[in-house]
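Please read the structure below before turning to the comments.
The values are calculated or read from the model by the stated rules, or taken from the named source; none is laboratory data. The model shown is predicted, which means the values in this text are computed figures rather than measured ones. Glycine gets a Cβ as well: all are built from the backbone with ideal geometry, and neighbour counts include every protein chain shown.
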Amino acid sequence: MSVRHFLTLFDCSKEELQQLIQRGIELKTLRQQGTSHEPLKGRVLGMIFEKSSTRTRISFEAGMIQLGGQALFLSPRDTQLGRGEPISDSAIVMSSMIDGVMIRTFAHATLTDFAANSKVPVINGLSDDHHPCQLLADMMTYRELRGNIKGKTVVWIGDGNNMCASYIEAAMQYDFTLHIACPEGFDPDPTLMAKAGKHAVIIRDPKEAVKGAHLVNTDVWASMGQEEEAKARMLAFKNYQVSPELLDLADNEVLFLHCLPAHRGEEISHDLLDDPRSGVWTQAENRLHAQKALLELLIAPGLK
């Protein structure tokens, strides 16, 4: 059997993505009931972090432990990756010793190069181009709190970044319509937009974009690696803050999500996370449960 990786949402079929959401909900219930479930006993996940993290590290490490396995934290400072060893060489050696690899990195090519030389599954914990694990948590959260997202209107407000790209993929895979409200010069990848067709459309005005929307999302205006652009981005995005007043223009049952960390007073108003329409804390917890479902799928309990 060929090795399966999870680098974008397109690495799973539509049916598999629905099953991952359902399995995440089931695993969450097992944990709430205090039921032990350890299908990955004796398995090891290597976690390579070129970008710092809170939720990604905790959710993957805790998830492996709860599934009966272990996780190894690896940074470039602690490995030969930080001293110029080719990614392909590291992939060959590491994948001979462990059962899966999660990488949180800058260049998406790091993931594709590693996966091409790995004998075990490689998971994208975030790259500059995509953040598919976050979308699993987001789709699980909407399912839990509002129901089926098929046919709904979803809004992305802010930069056409990696999160936006994964939302465009999600629109195709989960079959919803995505409105992207971003200022000129911060559009998402045009190739991906063309592929999405009717599933994704750019609407510059956030107020127009959120009319009748069922789900509204945003992210920080300057991501890791963009700190030098922060001042310019503050000016560009000044009219793109999400507030309770903006949500009032959406559907009565609208849900607000944010992948965190949030900068209150910038991309969101100071009071938005306390709004009853916010599902952010459930969303953050669901990184754990959705990723456990993914680990179950990719890291088989049998021998390699």
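Observations on the model:
- Residue match in the range 242-250 (condition: in a loop (DSSP other than H, G, I, E, B), over 30 Å from Leu30 (Cα atoms), without any contact (Cβ under 8 Å) to a residue 24 or more places away in the chain and among the acidic types (Asp, Glu)): yes
- Failed item in (1) within 15 Å of the chain's Cα centre (by Cα); (2) assigned to a loop (DSSP other than H, G, I, E, B); (3) more than 14 Å from Asp219 (Cβ to Cβ), with Gln173 passing the rest: (2)
- From the list Leu178, Leu192, the lone residue that is outside any helix (DSSP H, G or I), surrounded by 14 or more Cβ atoms within 10 Å (Cβ to Cβ), out of contact with any Gly (no Cβ under 8 Å at 6 or more places or on another chain) and modelled with pLDDT of 95 or more is Leu178.
- The C-beta contact set for the range 135-153 (first residue assigned to a loop (DSSP other than H, G, I, E, B), second residue surrounded by fewer than 17 Cβ atoms within 10 Å (Cβ to Cβ) and not polar (S, T, N, Q), distance under 6 angstrom, 6+ apart or interchain) comprises Lys150/Asp175.
- Residue satisfying condition, being out of contact with any Phe, Trp or Tyr (no Cβ under 9 Å at 6 or more places or on another chain), under 24 Å from Leu260 (Cα atoms), among the aliphatic types (A, V, I, L, M) and modelled with pLDDT of 95 or more, within set Ile58, Ile103: Ile58
- Filtered residues of the range 257-304 (kept if closer than 30 Å to Asn239 by Cβ, in a helix (DSSP H, G or I) and in contact with a strand residue (DSSP E or B) (Cβ under 8 Å, 6 or more places away or on another chain)): Leu272, Leu273, Val280, Gln283
- Looking across the range 93-120 at every residue that is among the hydrophobic types (A, V, I, L, M, F, W, C) and assigned to a loop (DSSP other than H, G, I, E, B), the one that is farthest from the chain's Cα centre (by Cα) is identified as Met97.
- Pair list, Cβ < 9 Å and 6+ apart or interchain, from the range 32-56 residues that are free of Cβ contacts under 8 Å to residues at least 24 places away in the same chain to residues that are not in a loop (DSSP other than H, G, I, E, B): Thr35/Thr29; Ser36/Leu30; Ser36/Gln66
Residue-wise test of (1) part of a loop (DSSP other than H, G, I, E, B); (2) over 23 Å from Phe114 (Cβ atoms); (3) among the basic types (Lys, Arg).
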site	(1), (2), (3)
Val3	yes, no, no
Gln19	no, yes, no
Gly24	no, yes, no
Leu27	no, yes, no
Arg31	no, yes, yes
Pro39	yes, yes, no
Met47	no, no, no
